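Values quoted throughout were computed directly from the atomic coordinates according to the rules given, and no laboratory measurement underlies them. Model, not experiment: these values are computed from the prediction. Here Cβ is always computed from backbone atoms with ideal geometry, including for glycine, and neighbour counts include all displayed protein chains.
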């Protein structure tokens, strides 16, 4: 009988020519010297074989049989392999699996991560979307060649860290649909499969991709949130899909990943997509619409040090990037991904007795001002401020209604995606999103079964640009705003499809309530990933009429949970993320991951040789809530009366130039301290700057009331009634300079704002007595 190696000397690593099939189910076998993975397509028409060498203790060698087998031929091959290896135990079955997550080397051998159980969670154009319900980590070398370090204490600790990344929670994938891309991108740019911003196992699959030059055997995992539901309007049904994709760049936990890094990547960067499908029988024309929004940390160099003594750690700014190069890179990346305009909705606090968030707000405005000076008018960033925390304390105003108007403003500028798909023949095969050969605007859904025909369609609307929302954590307040955007967008999507007569959905309707619950669940999921607890959803709870005491109790315990997670668990969680993503790769003789005292030593965009210098810098800490930290070695050099803080963490300079402009405006004709949009034409002549923070009167908390009343002294609007202020605001909001930012001549958000806020929303901050 021929030996195993002789039987497979024809195995090569050339690109396998597999057409019209995706491998979806696999069986793993082992001999003493090799693993054999048998993969087949869903309809069992294509069978392939992969071989993984087990004789190398610390190297990974993978080869692929280029032959496409039938089921009978494949099992005949396995029989020959078994017969050729009887002297060493033959061929043994190991697992049924559903894809390879990747390979990783710790201190000793390589390990293979496998999906051994899955569940279907949705379908997009016939392409199934799956979640992982069980996974396994399999060492590659056989026991006779395992290196001694494979059994060491450090190796076991690394394995424990790796396994702490729970693949059964919030990871999803598809064999045939690029779930890491938006629907619009899949339609208009189908050949963007190499973009891996949202592929969390990109590092784990890099070795096998380099050796095989294909991704036939691996899955691409997206981390975030996926939910698909069927909703009825009258006698019509539609499918709503909500997808959140968390970026793998600069990923981590709440206090260990803040702001931006040198490459322009921000913490807690999440793309949210809302897709609406007309629910029709197979083979019938279908209308599809999608809209995308984004959230991400404030793109400045700032940080907060985790403290077990302070539930609200100090905010630290650094002056390492006076020209805002990293901020500029971030918005260039957003423009590349989504186009123009980029609309920024900044929800952090406007004023505080002890400046914390407000200083970031000032610095953020300075950055936008400087960046916009170098951009042509049509590409300038559009900056909206609104202090959600301040005005949500007042029960007499409607926060969601106001945010809905802001969303309408953004939708007027960016639009949304809409297309009609018309099947040419009935087919049960999934639809391949690809462009027609004529290069025109007509596209076609090519089915995997060429004899089954295709589906032609023409996109009628495109989204160009994106709304980017942030608060401090980009969790609680941001999720409220993102729901408001989804609510406004859903009305337009359903109106375009023809399900409703007007593009508006009543906030008190059952449809809005269904959507709110989905966004609330998404917010909880994203908050658990980044912040360690579910989101603070007081506004949602009160809108549903939940008992006030129950809501307060829920918020209190979520605050405790978040505090405990941040103070005691996040360091190890961050280590696990860095190991999984490849930001830290263990090596013998190198300090262990848990021995490093700063996450900045090994993350993407780390400071390299300057780390020791930065570590040696002494930062004064203050345990009083609300204090800014200052470095005695840092002096303000931009004519600022406000100190600038710097730390070994990534932060940005704090300048008072915006504060000076902000104060000067209070004496101008274009500013009021209540119930109006703030648009600074003088100091921000190069910026599209809207301050929605000035939309409501009587929105102050008791502790801020005296402070904010004092800021009105000398303001021409300070003595006016709220009615006069609203009338003045409407006149101001129709200013021609603002209306240049709005499509189709529609007025921006400020027009007609006389809403009274009626809900109270919290954002995660709580002070213990």
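Figures for the structure shown
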{"quantity": "Global form of the range 354-403, assessed from the alpha-carbon gyration tensor, a/c cut-off 1.5", "calculated": "oblate"}
{"quantity": "Relative packing of 33-40, 85-92, which averages over residues the other C-beta atoms within 10 Å, highest first", "calculated": "33-40, 85-92"}
{"quantity": "Inter-probe distance in nm under a simple model that places probes 7 Å from Cα toward Cβ, at residue 336 and residue 59", "calculated": "3.6 nm"}
{"quantity": "Amide N proximity, the range 264-282 versus residue 374 label position 7 Å along Cα-to-Cβ, cut-off under 18 Å", "calculated": "264-266"}
{"quantity": "Nearest-0.05 FRET efficiency for residue 263 and residue 588, computed from C-beta distance (R0 22 Å)", "calculated": "0.15"}
{"quantity": "Burial ordering of 575, 154, fewest other beta-carbon atoms within 10 Å first", "calculated": "154, 575"}
{"quantity": "Net length gained if the chain between residue 154 and residue 568 were fully extended (0.36 nm per residue, minus Cα distance)", "calculated": "146.9 nm"}
{"quantity": "Packing-based order for 412-423, 360-371, using average beta carbon neighbours within 10 Å, highest first", "calculated": "360-371, 412-423"}
{"quantity": "Rounded if a/c under 1.5, otherwise prolate or oblate - the range 58-174, Cα gyration tensor axes", "calculated": "oblate"}
{"quantity": "Spin-label zone in the range 458-496 - amide nitrogen under 14 Å from a point set 7 Å from the Cα of residue 236 along the C-beta vector", "calculated": "490-496"}
{"quantity": "Ascending count of other beta-carbon atoms within 10 Å, so fewest first, for 332, 352", "calculated": "332, 352"}
{"quantity": "Distance between modelled label sites at residue 506 and residue 45, nm, 7 Å Cα→Cβ extension", "calculated": "5.1 nm"}
{"quantity": "Three-way shape call for the range 4-220 based on the alpha-carbon gyration tensor, with the a/c threshold at 1.5", "calculated": "oblate"}
{"quantity": "For the range 287-318 versus the range 150-164, the gap between their alpha-carbon centres in whole angstrom", "calculated": "31 Å"}
{"quantity": "Estimated FRET transfer efficiency when R0 is 22 angstrom, pair residue 119-residue 27 (beta carbons, to 0.05)", "calculated": "0.65"}
{"quantity": "Inter-part distance where the range 46-99 and the range 457-489 are each reduced to a Cα centre, Å", "calculated": "48 Å"}
{"quantity": "Length gained when the stretch residue 189-residue 92 is fully extended (0.36 nm per residue, less Cα-Cα span)", "calculated": "30.5 nm"}
{"quantity": "Footprinting exposure proxy for 197, 180 (fewest neighbouring C-beta atoms within 10 Å first)", "calculated": "197, 180"}
{"quantity": "Average Cα contact separation per residue, the range 4-220, under 8 Å, 6 or more apart, as relative contact order %", "calculated": "21 percent"}
{"quantity": "Centroid-to-centroid separation of the range 253-273 and the range 390-418 [C-alpha atoms, Å]", "calculated": "24 Å"}
